[in-house]
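Worksheet: the structure to be examined is printed underneath.
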Amino acid sequence: MIVLRKLASGVLGVVAVLLVCLAIAEVLSWSGGVERTVSNAHEIGRAFGQASAFVDSFFKSHSRLPTESEFSAWAVTQTESVHSAKNFQFITSPSQYPPELAQRFGPPSPNSYLLRYWRGEWFEYYASWAKASTLELNPKNFYLLGSSVADGIALLALGLLVAVVAKGVLPPPNLNIERYKPMQDFRADLNQYFSYLEKEFGFSLLSFSDQPKAFDNFMATYSRAPIDIRIIRDRSQVFIEFRRDSGPWLQKDVLLEEIGVPRGRFPNYQVGDGDELWSGYDIKNQSADLRLYLGALIEHLPPAAQPGS
């Protein structure tokens, strides 16, 4: 009983300290962090607008959506910036749309498309059928109570309350408390399923990030000149992209379809109320797929567009 009380007191004490630290950080950083995030969101929104204007104009002229390569050819002509359209992914297959977008924007209409942008911590999307994006442009929505000061005061009060409770349940001293295990390192997942890129195919791991910790997300980039491979896991779905000579990123599964490898090699499975997801995005399937078709993918990968060409 004494051990349990001390464990409970320690947990509450840690929570109290974290809440006080969050309160201080919230108040001290209120003038910069959210404003920068919203400013970046506006910049991404302008780039979404430019990209959607190109796609809509192309559709009017050709009575069809551009292919991914046609979109990429346009994107590389855009001004270089942190959040430019050069880094957008152009998706036209509804089976590749995240299910939560249909819940947010409604079911996609014919000839709809999706723009996806990796923001460094999460994906932002532009859904053409709703003419809307996932970008958050209202600073108040980043706070629980509408402002950093109000949130900071609430967190501070809650932290002090938890500290009082922790002191109340604290047993006599000199008892050991087990430390908590750190959060899972998702690099182990990457090594488990994709270490063969280094061991068998001579690629080097250039970068890896699973920060901040959210779901099981991570992003890793491998390179073997002139080929780069980017592996992204977003809420248990794995996406793999290729590029040559720092050209635009191209989706592995789109490239495979171009060389005659059908998506039907992996079945769909049911999620929720009648929704379906393609099992090909499972990390085990993506790992086996990449290993099997890596040579064919590299051979089919088009060269990067040369300046002025």
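The values are calculated or read from the model by the stated rules, or taken from the named source; none is laboratory data. The structure displayed is predicted, hence computed values, not measured ones. Cβ placement follows ideal geometry from the backbone for every residue including glycine, while neighbour counts extend to all protein chains displayed.
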So Asp216, is it buried (at least 17 other Cβ atoms within 10 Å of the Cβ) and either modelled with pLDDT of 90 or more or over 25 Å from Thr77 (Cα atoms) (or both): no
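Conditions (1) more than 17 Å from Leu301 (Cα to Cα); (2) modelled with pLDDT under 95; (3) of a type in the set (A, V, I, L, M), marked per residue:
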site	(1), (2), (3)
Pro173	yes, yes, no
Ile177	yes, yes, yes
Met183	yes, yes, yes
Asn191	yes, yes, no
Phe203	no, no, no
Asp228	no, no, no
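Checking the structure you have, find out if any residue of the range 276-291 is among the small types (Gly, Ala, Ser), crowded, with 16+ Cβ neighbours inside 10 Å and not in a strand (DSSP E or B).
In the first step, residues of the range 276-291 are kept if they are among the small types (Gly, Ala, Ser); the result is 279-280, 287-288.
In the following step, the residues that additionally are crowded, with 16+ Cβ neighbours inside 10 Å were identified as 280, 287.
Filter once more, keeping what is not in a strand (DSSP E or B): 280, 287.
Yes, the range 276-291 contains a residue that is among the small types (Gly, Ala, Ser), crowded, with 16+ Cβ neighbours inside 10 Å and not in a strand (DSSP E or B).
Using the structure shown, decide if Tyr281 is of a type in the set (Phe, Trp, Tyr) and without any contact (Cβ under 8 Å) to a residue 40 or more places away in the chain.
Details: of a type in the set (Phe, Trp, Tyr): yes; without any contact (Cβ under 8 Å) to a residue 40 or more places away in the chain: no.
It is false that Tyr281 is of a type in the set (Phe, Trp, Tyr) and without any contact (Cβ under 8 Å) to a residue 40 or more places away in the chain.
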Checklist (1) out of contact with any Phe, Trp or Tyr (no Cβ under 7 Å at 6 or more places or on another chain); (2) of a type outside the set (A, V, I, L, M, F, W, C); (3) part of a helix (DSSP H, G or I) applied to Gln211, failing item: (3)
The range 91-134: number of residues that are without any contact (Cβ under 8 Å) to a residue 60 or more places away in the chain, closer than 24 Å to Lys252 by Cβ and charged (D, E, K, R): 2
Residue match in the range 87-108 (condition: loosely packed, with under 13 Cβ neighbours inside 10 Å, assigned to a loop (DSSP other than H, G, I, E, B) and at pLDDT below 90): no
Where Ser148 falls short, out of the listed (1) closer than 18 Å to Val34 by Cβ; (2) more than 16 Å from the chain's Cα centre (by Cα); (3) hydroxyl-bearing (Ser, Thr, Tyr); (4) modelled with pLDDT of 90 or more: (4)
In the range 257-309, the residues that are among the small types (Gly, Ala, Ser) and modelled with pLDDT under 85: Gly272, Gly274, Ala304, Ala305, Gly308, Ser309
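Using the structure shown, decide if Phe59 is crowded, with 19+ Cβ neighbours inside 10 Å, aromatic (Phe, Trp, Tyr) and outside any loop (DSSP other than H, G, I, E, B).
Values: crowded, with 19+ Cβ neighbours inside 10 Å: no; aromatic (Phe, Trp, Tyr): yes; outside any loop (DSSP other than H, G, I, E, B): yes.
No: the conditions fail for Phe59.
Determine, yes or no, whether Ser195 is surrounded by 12 or more Cβ atoms within 10 Å (Cβ to Cβ) and modelled with pLDDT under 90.
On the way: surrounded by 12 or more Cβ atoms within 10 Å (Cβ to Cβ): yes; modelled with pLDDT under 90: no.
Considered against the rule, which asks whether it is surrounded by 12 or more Cβ atoms within 10 Å (Cβ to Cβ) and modelled with pLDDT under 90, Ser195 comes out as no.
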